[in-house]
Amino acid sequence: MLKRILLLCISIMLLFSVSVCAVDTYGGYNMPVDVTVNGSFIKCVQKPIMVDDTTYIPLRAFSDSVGGTILWDGSKRAATMEKDGHSFMFYVDTNVCFVDGIEKDYSSIIYQDLTFIPLRAVSEVLGYTVEWDDLYLTVKISAPGVEVLEACKDYSYQFEDVLYLGKIIQIESGYQPFVVKLAVGNTVVNRMKSSKFPNTIKGVVLDTKYGVQFPPAHTDRINVTPSKECMIAAKCALGGADIVGNALYFIDVKSAPSSWVHNNRPHCATVGSMSFYE
C-alpha cells in the first residue's frame, strides 16, 4: 500500500513539475530581467523571469519578436515554434523539448499560465549571439536578418532611464536597505508621471524648474556607477513595484527632521529613516 502511495505521489510530481519553478527573486520581487533583440526591448505580456540564473521568456513574445511561427497541437498538448528551418516543440505537461526532432535536456516552464522558454538555448540554435549585461540585468540578442516589428517593441523605459534612476537611488539612499531604495525609485518615477515635473527620468533627476530638486545630482556624484542592488531597485520601480503610493517628495528624517516638505505636504509613508510625502 505504501509503495502505491509513493508511486502515485511521484506521478503527480512529474505531471506538474513543469508548472512549478522557483523564480529568482530579490527583496521579495522577481529579478527584473529584460530582453533586447537587435537593440529593441521586447514587449511581453508577462516579464521575462530568471530560474537558477537562466532567463526564460514567454514563447509567444520571443517568436513574434524574431518573426517565428507558433503551432499548437491539442492532442499532444505541445507548442511548436518554427523559424529559419528550425523546429522547437515544447510539451505543456511534461519536461520534454524536441529541437529539430531531437530530444534536448532543456524544457519550457509554465509560469502564470504562460509557456516560458529558455532564451539562450533557443537563441543559440537559431545562430543568434547572446550577451548578458550585468549592469542593466538585460539579455542582449543580436539576430542577423531579423527586423523586430514595431508592435513587439517595448518603450516603457530605456537604458538611460534605468541608469539615471539607479544613479539617484545610489546617491540618495545607497547605504539604506533595499526597501528604501525602491521607495526612492518610486518617488522619482511618480515625478516623471506627474505634469509638474519633466517627463523623463533624467529630466527629473536634473530638474531645476522649482529650484534644484536633487542637489547631489549636480555634482561629480552623478558620475557614480550604481550598485547592482540600486539597479534592481530602479528596474523594479520602473516595472511597477510600488510601496509609497503617490509620493513626490522624500526626506531623511535623521538629517532633516524639519523641512518645508514635512510642514507643507501630506505624509503618505515612512520607509526606514525616510519619510515620503504627496
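The values are calculated or read from the model by the stated rules, or taken from the named source; none is laboratory data. Here the structure is a predicted model, which is why all the values come from computation and not from measurement. Neighbour counts run over all protein chains shown; Cβ positions are idealised from the backbone, glycine included. Side chains included, ligands, DNA and RNA excluded: accessible areas come from the protein's heavy atoms. Shrake-Rupley method; radii C 1.70, N 1.55, O 1.52, S 1.80 Å.
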Legend entry - Residue within the range 117-136 that is of a type outside the set (Phe, Trp, Tyr) and farther than 30 Å from Leu163 by Cβ present: yes
Inset, instruction - Give the range 132-173 a look and list any residue that's buried (at least 16 other Cβ atoms within 10 Å of the Cβ), on the phi < 0 side of the Ramachandran plot and in a loop (DSSP other than H, G, I, E, B), or say none. - result: Tyr136, Ala143, Val146, Val148, Asp154, Tyr157
Inset, instruction - Tell me which of these Arg191 doesn't satisfy, since it passes every other one: (1) over 29 Å from Arg60 (Cα atoms); (2) modelled with pLDDT under 95. - result: (2)
Inset, instruction - Starting from the range 182-211, keep only residues that are of a type in the set (D, E, K, R), then list their pairs with residues that are open to solvent by 40 Å² or more (accessible area, probe 1.4 Å) and modelled with pLDDT under 95 whose Cβ atoms are within a distance under 7 Å, requiring at least 6 positions of separation or different chains. - result: Asp207/Gln213
Inset, instruction - Grab the strands (runs of 3 or more DSSP E) fully contained in the range 26-123, keeping just those with 1 or more residues being over 23 Å from the mean Cα position of the chain (by Cα). - result: 69-73, 78-83, 86-91, 97-99, 102-104
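Report yes if Arg77 is modelled with pLDDT of 95 or more and among the basic types (Lys, Arg), otherwise no. Talk me through it step by step, then tell me what you get.
Numbers: modelled with pLDDT of 95 or more: no; among the basic types (Lys, Arg): yes.
Here the answer is no, as Arg77 does not meet what is asked.
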